[in-house]
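Heads up, the thing below is written out as structure tokens.
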Amino acid sequence: MAAQDLSVFVSHRDGGIASMELAVDGIRCAGCMQAIEKGLGREPAILGARVNLALKRVSVEWREALLKPEAVVEKLGALGFKAYPFAPERQEEGAASEEKRLLRGLGVAGFASMNVMLLSVSVWSGNSGDIDPTTRDFFHWLSALIALPTAAYAGRPFFESALRALKARAVNMDVPITIGVVLALAMSVAETWNHGHHAYFDGVVMLLFFLLIGRYLDQLMRRRTRDLAGNLAALKAETATRVGADGSWTTVPIAAIRPDDRVVIRPGERVSVDGIVENGSSELDQSLVTGETAPFAIGLGERVHAGTLNLTGALTVRVEAAGQGTLLDEIDRLMSQAVGSRSRYVRLSDRAARLYAPVVHTLSAATFLGWLLIGGISWPEALMIAVTVLIITCPCALGLAIPAVQVVAASALFRRRIMLKEGDALERLAEADIAVFDKTGTLTLPEPDILNEEALPIERRAEIGALAAASHHPLAQALSRALGSLPAHADVREERGQGLSVMLDSEELRLGSVAFCGAEVEAAPVMAAHPSASFIAYRRGAYRTVLALGQKLRPEARETIDALRAAGLEIAILSGDRPEAVAPIAAELGIDHVQAGLLPGDKLNLLDSMAAHGRKVLMVGDGLNDAPALAGAHVSVSPVSATHLAQAAADIVFLGEGLKPVADALVIARKARGLMLENLWFAVLYNAVAVPVAMAGLATPLIAAAAMSGSSLVVTLNALRARSGVPETESRP
């Protein structure tokens, strides 16, 4: 890309510092992240490079006078990574293209492995009988004709990753896989050329097939967290109505709004700026910012935030920030920071690969050199023994140890209506030792409901529901939904900020505030019984009633909290809601660690403080104000009813109203992590026995291939145990 094109994507700061966010192809593991950050760090002009593994993005800062933006891209290219300025649509296209490539490779490897195995079975049977050497050679050449192009095509993701790692002077899991595949193919071709009894084309193709399954599923899970910032677009207004010096109103792009400008926010509009109310009063829906669903009364001198919804009255706002610098912009920044920090988590497979790969290569090289020094055999025979060591230790079992368990566990979770979005979420969830819950929409249901249904006679439900349906006010809409969303009355009059009225059978029906309906006497005991609720009154003639509207506990909330405590987790509530609204829920669930009235940054700071003290935080939340905390927690869970941004930030999403999936996911995750560790230890013990045998020259390549296949089968069968342990129950729809 030309310099003039790149400059559009560069941000400038005081002191001559430039920064740019780049999308990078080929970032797969912690090794890639380390290679990029260390590689760019060697350039004196680059002040810092931060890799976001989950989003496959790199943020780079450099001294503008010393380096051009295209030089940053070139340096990434020299490290083996293709980079380009981040653009959401291009990244989505790249992710979809990579999925298709993996799926095509998987299909080719699966088809080829079936055909090569048929030929191999014929050879194995013939070797124990009286197969003609010419027929055996013919079958071997047919296998080579299938396996060689298959490996060249289906193995590209591993070969390319290995080359990038080696170019960056690093080692990842794909390096031993690549070496094992190439040497096994080379040895098989040599054996076939020399009319040997054994070739190992089948093992190579099947290895690629199984590994591609894991790689494809991992790609699918990563896809859902590609661009968190894009979910904020729906909340950001593109224009605002500016008030001129002469009092005139002009609609202008949000980029043209400056601090100290005055803008008008009309009823039904989303607030476009952060600022102070100079004129007017209204009610705001702040649920996306604070998590509180009850309308919030706003008046002269009070602060409003971009993204909130103006409900009832027109407001004139003195602008403090528009576009950049707003609360929405701060949430976006906090999320990018939090996700980048969490992406430094190193998976079990990567940790194992750091030790496994160099040990395998060293042992194979030592075997070759050792036999040459000992003497008594030719160098081709020494090479054959060294290759046998590579085959017998080829990381098929290690490569399957983690993906096989992930696939089975993900299937078990899916049957319980729980969906994984990150491949390593199971590992992180199993490590959690404290569960932090948001209140509104998480411990409680997202929509307000009637808390005192006994105050509403059955014969009144239809007329009240029909009157509520005539209003767009959140409380009226909640009441309408609770009563069955009946058809609205005709000729309803609405007095803004007060309520609704209609004449029916020569009687006036009213629905609205307590004062509007003259229901102060009826309201007193209801308000005392439900101090955290919102209240809506109804009057028809002499009949008056007051209904308390508020969040009810999610089904299974108590059982879930008890199950998490029994599993050894501490429980806490961090909420943006009012303290008086949070306290009754905390008391009902027996939760002592409670903080309320928190902004998004406050939640993230508290989670960071917990992490600094060694805590592994499981965050469960559903709102925009929870998104940075969900992204910054060690692991996070969100209900499907959550905002799109919260779902994008979470590692795990569950369906249904019940909260039990959170406890179920923890049980399955802990079992899955135990099985992953068992598989890794089995791979270690297997190698501790098999490697000395192979190094001593006591194992033929056929025995090595059989042992490798057998180890993979054991790992796969052990992974199937992840399906058991949690009974499948019918979740609420």
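Of the listed requirements (1) in contact (Cβ under 8 Å) with a residue 60 or more places away in the chain; (2) closer than 29 Å to Phe414 by Cβ; (3) buried (at least 24 other Cβ atoms within 10 Å of the Cβ), Ser636 misses just one: (1). No other residue among Glu494, Glu507 is more than 20 Å from Asp285 (Cβ to Cβ) and not assigned by TED's automatic domain parsing to the domain that holds Ala587 apart from Glu507. Restricting attention to segment 443-481, the residues that are touching a helix residue (DSSP H, G or I) at 6+ places or on another chain (Cβ under 8 Å) and more than 16 Å from Ala537 (Cα to Cα) total 4.
For (1) out of contact with any Phe, Trp or Tyr (no Cβ under 8 Å at 6 or more places or on another chain); (2) modelled with pLDDT under 85; (3) among the hydrophobic types (A, V, I, L, M, F, W, C), each residue gets a yes or a no:
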| site | (1), (2), (3) |
| --- | --- |
| Leu208 | no, yes, yes |
| Val243 | no, no, yes |
| Trp249 | yes, no, yes |
| Gly275 | yes, no, no |
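Screening the candidates Ala611, Ala586 for the property of being hydrophobic (A, V, I, L, M, F, W, C), surrounded by 21 or more Cβ atoms within 10 Å (Cβ to Cβ) and touching a strand residue (DSSP E or B) at 6+ places or on another chain (Cβ under 8 Å) yields one hit, Ala586. Looking at the structure I just gave you, is Leu720 part of a helix (DSSP H, G or I) and modelled with pLDDT of 80 or more? The answer is no for Leu720.
Total residues in segment 657-674 satisfying the condition of being under 12 Å from Glu559 (Cβ atoms) and touching a Lys or Arg at 6+ places or on another chain (Cβ under 7 Å): the figure is 4. Across segment 471-493, the number of residues qualifying as surrounded by 18 or more Cβ atoms within 10 Å (Cβ to Cβ) and within 23 Å of Thr308 (Cα to Cα) comes to 8. For segment 250-266, the set of residues classified as touching a residue at least 60 places away in the same chain (Cβ under 8 Å) and touching a Ser or Thr at 6+ places or on another chain (Cβ under 9 Å) consists of Ile254, Ile257, listed by residue number. Selection within segment 177-206: residues that are more than 18 Å from Val121 (Cα to Cα) and in contact with a Leu (Cβ under 6 Å, 6 or more places away or on another chain). The member of this set that is modelled with the highest pLDDT is Leu183. If only one of Ala567, Ala548, Ala533 is buried (at least 16 other Cβ atoms within 10 Å of the Cβ) and out of contact with any Phe, Trp or Tyr (no Cβ under 9 Å at 6 or more places or on another chain), which one is it? Result: Ala533 is the single residue among Ala567, Ala548, Ala533 that is buried (at least 16 other Cβ atoms within 10 Å of the Cβ) and out of contact with any Phe, Trp or Tyr (no Cβ under 9 Å at 6 or more places or on another chain). For segment 457-470, a tally of residues being aliphatic (A, V, I, L, M) and surrounded by fewer than 19 Cβ atoms within 10 Å (Cβ to Cβ) returns 2.
The values are calculated or read from the model by the stated rules, or taken from the named source; none is laboratory data. Values in this document were obtained by computation on a predicted structure and should not be read as measured data. Methodologically, a virtual Cβ is constructed for each residue, glycine included, from the backbone with ideal geometry; neighbour enumeration extends over all protein chains shown.
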